[in-house]
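Asker: Handing you a structure now.
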Amino acid sequence: MESPRKLRANLEAQAAAMREDYLCHGDARKLLRGRCAAVDSLLVTLWHDLELPEELTLVAVGGYGRGELFPASDIDVLILLPDVPDPGLKSALERLVHHFWDVGLEVGHSVRTIDECLEEAESDITVQTSLLEARLLCGSELLYCRFLGRMELNFNPLAFFQAKVLEQQERYQRFNDTPYSLEPNCKESPGGLRDIQVIFWVTHAAGYGNSRSDLVRHGLLTADEARDFETCETFLNHVRIRLHFAAGRREDRLLFDYQKALAEQFSYADQEGRRASEQLMQKYFRTARAVTLLNTILLQNVGAALSPTPGQKPEIIDGDFQNIDGLLDMRDPGLFEKNPAAIFQAFRTMQEHADLTGMTAPTLRALWRARHLITEEFRQSREARSLFLDILKAPRGIVHELRRMHQLDLLGAYLPAFSKVTGQMQHDLFHAYTVDQHTLQVIRNLRRFTMSEFTHEFPLCSQLSTDFERYWLLYIAAFFHDIAKGRGGDHSQLGMQDARAFCVMHKLSDEDTELVVWLVANHLRLSHTAQKEDISDPRVISRFAVHMADERRLTALYLLTVADIRGTSPKVWNQWKGKLLSDLFECTLEYLKKGELAGHHGIVAEHQAEALRLLKFHALSGTVHEQLWKHLDTTYFLRHSPEEIAWHVRALHYRAHNDQPVVKARIAHQEIGLQVMVYTRDQPDLFARIVGFFSRTGYSIVDAKVHTTQHGYALDSFILFDMSERESDRDMISYIEYELTERLLRQELPEAPSPGRISRQVKYFPIKPRVEISPDEKGTHYVLSLVAADRPGLLFQIASLLSRHHVNLETAKIATLGERAEDVFLISGGDLADSARRIRLEQELLEILTV
């Protein structure tokens, strides 16, 4: 008997040789089979060396039983016993398991009799599935055959199928029902290897075999489909193998940590506008989509075979389609070959008949096979173009059918530019979806604005959508707004060209064409203006209104912008962004209707009059505002709303000359976070001190208005978002008011917040920071714009650096898009007028922004 150390060394040498051979020749099947054979040999050797009783059986189960072992996969074995073991046998089996571990095998073992196997299989679908792939390693063949016979006798194919479908649905839910995760699990995510295994489990259980050739022989797959299936499985096998090698352990998630290295191993290289990792992930997502489609079709076929519908007569819909038990079915198997336009008609029929819940497996397969029929001649067909527009104009089922068309690869076939962005990841730190999924999500959001059951989500959008003529034009704009991503250059301008070509091909009127093209070209303008410019400035509104030109364009852009931002990532949208967008929309709408906005003096007078009206509700005297207002200038009244002005008066009317700091906090308007007012004698590092306090308290500043009164007091106002997921902001009001007041009284040096951890996405997909300092229109201030990867304490570092340069901060617009910070500050003072020192400040800012 060889020593465990020698056996372990031999196993490691074999593993190293197989790895080297794989990296040289790239034969995934050879590696998986080779590792399995090596482990087989070692387990059999250990079994015989311990001279275990002949009536026992060692059985490989699970993936190992299937004859495949990935580099870091578990090795699952069943030690099958004829009877309950006595103490002597238990001791021998314990020695066997210890030997497994001594030689370096991570073995998952179970020791059971046949009755125990059947009992566990009946109550646990996972156990039943594992035993379904049982393979004899050594020991009693008679006991193994008895085991197989009892399993087959007790096996219920229909119950097994139903349990596996339910298990798959639950697994999909764990991964948000999408394969398009930023870091998908190549084994468990929808479209991963588990989906392929489910196919073989259920076909094996139904008696159709457990190989692609078996499925072809039984008519479940064509030879071409089997080849596509093999291509998908081989690619996923390569991904999982290389993940295990890269991690040095079992790791099935395509984490950011590994995507770049794996892309290089798959021979991808960075291109203009597209990282190598994005190209790899596009290949992965397209593969996963194909696997989910195959899984859907084959499970539907197997389910129909195991549980056939009672002889119910099909309900004829028209000459081409019929309804079979709530599923759309083509009446002629050669329908799409004979009449390609029926491809789109199938989806229109789904929209027109609410009682249809899906399509039969033959129809799905026929549509998938028909994608090659969508040629340039098809695209130029008047009937096809009309049907596609009809799908967008339909009163119901728009999103469902577009997603079904996309899953079947028909959308990409009809819109080649859309095919190019299918599965394309966007490592820009705020998009959580691929371009194609984001696009469909935007269309879904636009559609929800029109549905009464979702009116409560965005009442203004719902109201605007109701009165918007030819609303379907927004769906077209949504299709093209990001379609040029990854080409290099300005995707808005490039997408505009594609949009115009589509509109011309589909014979849209000049008016409708110009609207769609304009929306694609300008789809970022409204969000940029709302989040980066001072929309309390009438000149900003006037300039923006000129770009809008009319109310229809403004409304269309507002609806598209809200849908776009909401479809970017769950982390990007928040109520504060919603308020900024709606404020800009309403101010611009007023301008377009009146032809102008009140000038500065008119706005100041309006704000003051409304603030005084609000103060009357608090039983305060008519002169209560005078002590504070006499120290405030026009800029203050322009930047603050009447409600904020009245709040400040209520808090400060008897403390306008108080040497004690005043800190007041409240729940912000529309419950969008906390609003905090700070009033104190101006002091060095004040903004940095306040920022550091908020950050340490777990709050992020999304908006700051910094004002210095004419008698030397700071009157600053902040909108804060809780980043620590507290149950209630209200509980923090007293704490903030007391603690921040104490710190301002002590005038201690600013305390840096905890640096925290940089997200892995920022670490592996950094963005190049940008800094620009330029004079404003008046020439009295400077605008500091920066873009960088967000991280804890970033704003504190910026504030501290500005303080060291003696730069005064007037306003701050803090826009956080996922992991990306895009901030704009209005600044003055210091040495900003000196171009050389201004450049030095920009360089120092770049240094602290670089991760």
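Asker: Can you give me the ranges of the strands (runs of 3 or more DSSP E) entirely in the stretch 781-843 with at least 2 residues that are modelled with pLDDT of 85 or more and under 19 Å from Q531 (Cβ atoms)?
Answerer: Working: elements: 782-789, 807-817, 820-829.
Output list reads 782-789, 820-829.
Asker: Additional query: Among the residues of the stretch 363-406, count how many are open to solvent by 70 Å² or more (accessible area, probe 1.4 Å), touching a helix residue (DSSP H, G or I) at 6+ places or on another chain (Cβ under 9 Å) and under 20 Å from I476 (Cα atoms).
Answerer: 7
Rundown of residues vs (1) of a type in the set (A, V, I, L, M, F, W, C); (2) at negative phi; (3) more than 27 Å from the chain's Cα centre (by Cα), yes/no style:
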site: P792; (1), (2), (3): no, yes, no
site: K813; (1), (2), (3): no, yes, no
site: A821; (1), (2), (3): yes, yes, no
site: E842; (1), (2), (3): no, yes, yes
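Asker: If we scan the stretch 79-102, do we find a residue that is under 47 Å from the mean Cα position of the chain (by Cα), outside any helix (DSSP H, G or I) and without any contact (Cβ under 8 Å) to a residue 60 or more places away in the chain?
Answerer: yes
Asker: Now for a separate question. Checking L43 against (1) open to solvent by 10 Å² or more (accessible area, probe 1.4 Å); (2) outside any loop (DSSP other than H, G, I, E, B): exactly one of these is not met. Which one?
Answerer: So the condition that L43 fails would be (1).
Asker: Output the residue which, of all residues in the stretch 812-851 that are of a type in the set (S, T, N, Q) and in contact (Cβ under 8 Å) with a residue 12 or more places away in the chain, is surrounded by the fewest Cβ atoms within 10 Å (Cβ to Cβ).
Answerer: Let us first name the residues in the stretch 812-851 that are of a type in the set (S, T, N, Q), namely 816, 828, 835, 843, 850.
Restricting the remaining residues to those that are in contact (Cβ under 8 Å) with a residue 12 or more places away in the chain gives 816, 828, 850.
Working: T816: 24, S828: 14, T850: 11.
The extreme case among them is T850.
Asker: Of the residues that sit in the stretch 516-575 and are open to solvent by 20 Å² or more (accessible area, probe 1.4 Å) and among the aromatic types (F, W, Y), which one is nearest to F458 (Cα to Cα)?
Answerer: Top of the filtered list is W573.
Asker: Something else now. Considering only residues that are at pLDDT below 80 and part of a loop (DSSP other than H, G, I, E, B), which ones fall in the stretch 762-780? Break it down stepwise before answering.
Answerer: Let us first name the residues in the stretch 762-780 that are at pLDDT below 80, namely 762-767, 777-780.
Within the stretch 762-780, F765, P766, I767, E777, K778, G779, T780 qualify.
Asker: To continue, here is another question. Go through the stretch 661-686 and give me each residue that's out of contact with any Gly (no Cβ under 9 Å at 6 or more places or on another chain), of a type outside the set (A, V, I, L, M, F, W, C) and either part of a strand (DSSP E or B) or open to solvent by 70 Å² or more (accessible area, probe 1.4 Å) (or both).
Answerer: K664, R666, H669, E671, Q675, Y679, T680, P684
Asker: From the list R681, R666, pick out the single residue that is at pLDDT below 90 and touching a strand residue (DSSP E or B) at 6+ places or on another chain (Cβ under 9 Å).
Answerer: Numbers: R666 fails: at pLDDT below 90.
Answer to the check: R681.
Asker: Restrict the check to the stretch 459-472 and report whether at least one residue is free of Cβ contacts under 8 Å to residues at least 40 places away in the same chain and among the hydrophobic types (A, V, I, L, M, F, W, C).
Answerer: no
Asker: Another question, if that's okay. Is it fair to say T455 is free of Cβ contacts under 8 Å to residues at least 12 places away in the same chain, more than 23 Å from N176 (Cβ to Cβ), out of contact with any Phe, Trp or Tyr (no Cβ under 7 Å at 6 or more places or on another chain) and of a type in the set (V, I, T)? It would help to see each step written out before you state the result.
Answerer: Numbers: free of Cβ contacts under 8 Å to residues at least 12 places away in the same chain: yes; more than 23 Å from N176 (Cβ to Cβ): yes; out of contact with any Phe, Trp or Tyr (no Cβ under 7 Å at 6 or more places or on another chain): yes; of a type in the set (V, I, T): yes.
Criteria met by T455.
Asker: Next question. If you take the residues in the stretch 156-193 that are under 21 Å from Y258 (Cα atoms) and open to solvent by 40 Å² or more (accessible area, probe 1.4 Å), which one is modelled with the highest pLDDT?
Answerer: The qualifying residue modelled with the highest pLDDT is K187.
Asker: Please state which one of I317, I343, I374 is touching a His at 6+ places or on another chain (Cβ under 8 Å) and over 27 Å from A163 (Cα atoms).
Answerer: One residue alone meets the criteria, I317.
Asker: How many of the residues making up the stretch 146-155 are open to solvent by 80 Å² or more (accessible area, probe 1.4 Å) and either within 20 Å of V202 (Cβ to Cβ) or touching a helix residue (DSSP H, G or I) at 6+ places or on another chain (Cβ under 6 Å) (or both)?
Answerer: Taking the stretch 146-155 first, the residues open to solvent by 80 Å² or more (accessible area, probe 1.4 Å) are 146, 150, 152-154.
Going one step further and asking which of them are either within 20 Å of V202 (Cβ to Cβ) or touching a helix residue (DSSP H, G or I) at 6+ places or on another chain (Cβ under 6 Å) (or both), we end up with 150, 152-154.
Counting residues in the stretch 146-155 that are open to solvent by 80 Å² or more (accessible area, probe 1.4 Å) and either within 20 Å of V202 (Cβ to Cβ) or touching a helix residue (DSSP H, G or I) at 6+ places or on another chain (Cβ under 6 Å) (or both) gives 4.
Asker: To continue, here is another question. Given (1) in contact with a Phe, Trp or Tyr (Cβ under 6 Å, 6 or more places away or on another chain); (2) open to solvent by 10 Å² or more (accessible area, probe 1.4 Å); (3) assigned to a helix (DSSP H, G or I), identify the lone condition not met by Y738.
Answerer: Going through (1) in contact with a Phe, Trp or Tyr (Cβ under 6 Å, 6 or more places away or on another chain); (2) open to solvent by 10 Å² or more (accessible area, probe 1.4 Å); (3) assigned to a helix (DSSP H, G or I) one by one, Y738 breaks only (1).
Asker: Got a number for residues in the stretch 448-493 being charged (D, E, K, R) and closer than 16 Å to A394 by Cβ? It would help to see each step written out before you state the result.
Answerer: Keep residues of the stretch 448-493 that are charged (D, E, K, R), which gives 448, 453, 457, 467, 469-470, 482, 485, 487, 490.
Imposing the further condition that a residue be closer than 16 Å to A394 by Cβ reduces the set to 448, 470.
The number of residues fulfilling the criteria is 2.
Asker: So which residues in the stretch 154-167 are touching a Leu at 6+ places or on another chain (Cβ under 8 Å) and either without any contact (Cβ under 8 Å) to a residue 40 or more places away in the chain or not hydrophobic (A, V, I, L, M, F, W, C) (or both)?
Answerer: N154, P157
Asker: Let me ask something else. Kindly indicate whether any position in the stretch 216-235 is in contact (Cβ under 8 Å) with a residue 12 or more places away in the chain, closer than 30 Å to R487 by Cα and small (G, A, S).
Answerer: No: zero hits.
Asker: Within the stretch 130-240, considering only helices (runs of 4 or more DSSP H) that don't extend past its boundaries, which have at least 3 residues that are farther than 22 Å from A361 by Cα and touching a strand residue (DSSP E or B) at 6+ places or on another chain (Cβ under 7 Å)?
Answerer: Values: elements: 141-154, 157-174, 193-205, 212-217.
Because the criterion is at least 3 residues that are farther than 22 Å from A361 by Cα and touching a strand residue (DSSP E or B) at 6+ places or on another chain (Cβ under 7 Å), the helices (runs of 4 or more DSSP H) in the stretch 130-240 that meet it are 141-154.
Asker: Turning to a different aspect of this structure: Output yes when any residue across the stretch 322-342 is open to solvent by less than 10 Å² (accessible area, probe 1.4 Å), within 28 Å of V202 (Cα to Cα) and within 24 Å of the chain's Cα centre (by Cα), and no when none is.
Answerer: Taking every residue of the stretch 322-342 in turn, none turns out to be open to solvent by less than 10 Å² (accessible area, probe 1.4 Å), within 28 Å of V202 (Cα to Cα) and within 24 Å of the chain's Cα centre (by Cα).
Asker: Can you tell me which residues in the stretch 17-54 are closer than 16 Å to L105 by Cβ and out of contact with any strand residue (DSSP E or B) (no Cβ under 9 Å at 6 or more places or on another chain)?
Answerer: M18, G34, R35, A37, A38, S41, L42, T45, L46, D49, L50
Asker: Right, here's the next one. Among the listed residues L632, L612, L628, L652, which satisfies the condition of being touching a strand residue (DSSP E or B) at 6+ places or on another chain (Cβ under 7 Å), crowded, with 16+ Cβ neighbours inside 10 Å and more than 30 Å from E514 (Cα to Cα)?
Answerer: Working: L632 fails: touching a strand residue (DSSP E or B) at 6+ places or on another chain (Cβ under 7 Å); L612 fails: touching a strand residue (DSSP E or B) at 6+ places or on another chain (Cβ under 7 Å); L628 fails: touching a strand residue (DSSP E or B) at 6+ places or on another chain (Cβ under 7 Å).
Result: L652 is the single residue among L632, L612, L628, L652 that is touching a strand residue (DSSP E or B) at 6+ places or on another chain (Cβ under 7 Å), crowded, with 16+ Cβ neighbours inside 10 Å and more than 30 Å from E514 (Cα to Cα).
Asker: Give the stretch 719-739 a look and list any residue that's at pLDDT 85 or above and touching an Asp or Glu at 6+ places or on another chain (Cβ under 7 Å), or say none.
Answerer: I719
Asker: Among the residues of the stretch 259-307, how many are of a type in the set (G, A, S), within 18 Å of P766 (Cβ to Cβ) and either open to solvent by less than 20 Å² (accessible area, probe 1.4 Å) or touching a residue at least 40 places away in the same chain (Cβ under 8 Å) (or both)?
Answerer: Restricting attention to the stretch 259-307, the residues satisfying the condition of being of a type in the set (G, A, S) are 261, 263, 267, 269, 273, 276-277, 288, 290, 303-305, 307.
Within this subset, residues satisfying the condition of being within 18 Å of P766 (Cβ to Cβ) are 261, 263, 273, 276-277.
After this cut, where a residue has to be either open to solvent by less than 20 Å² (accessible area, probe 1.4 Å) or touching a residue at least 40 places away in the same chain (Cβ under 8 Å) (or both) as well, the list is 263, 273, 276-277.
Number of matching residues: 4.
Asker: Please go through (1) open to solvent by 40 Å² or more (accessible area, probe 1.4 Å); (2) closer than 29 Å to F285 by Cβ; (3) assigned to a helix (DSSP H, G or I) for C503 and return the number of the only condition it doesn't satisfy.
Answerer: (1)
Asker: Restricting attention to the stretch 137-153, which residues are in contact (Cβ under 8 Å) with a residue 40 or more places away in the chain and within 25 Å of R194 (Cβ to Cβ)?
Answerer: Residue satisfying the conditions is L137 alone.
The values are calculated or read from the model by the stated rules, or taken from the named source; none is laboratory data. Source: prediction; values computed, not measured. Cβ atoms come from the backbone with ideal geometry, glycine included; neighbour counts cover every protein chain shown. Heads up: the accessible areas ignore ligands, DNA and RNA and are worked out on the full protein's heavy atoms, side chains in. Shrake-Rupley method; radii C 1.70, N 1.55, O 1.52, S 1.80 Å.
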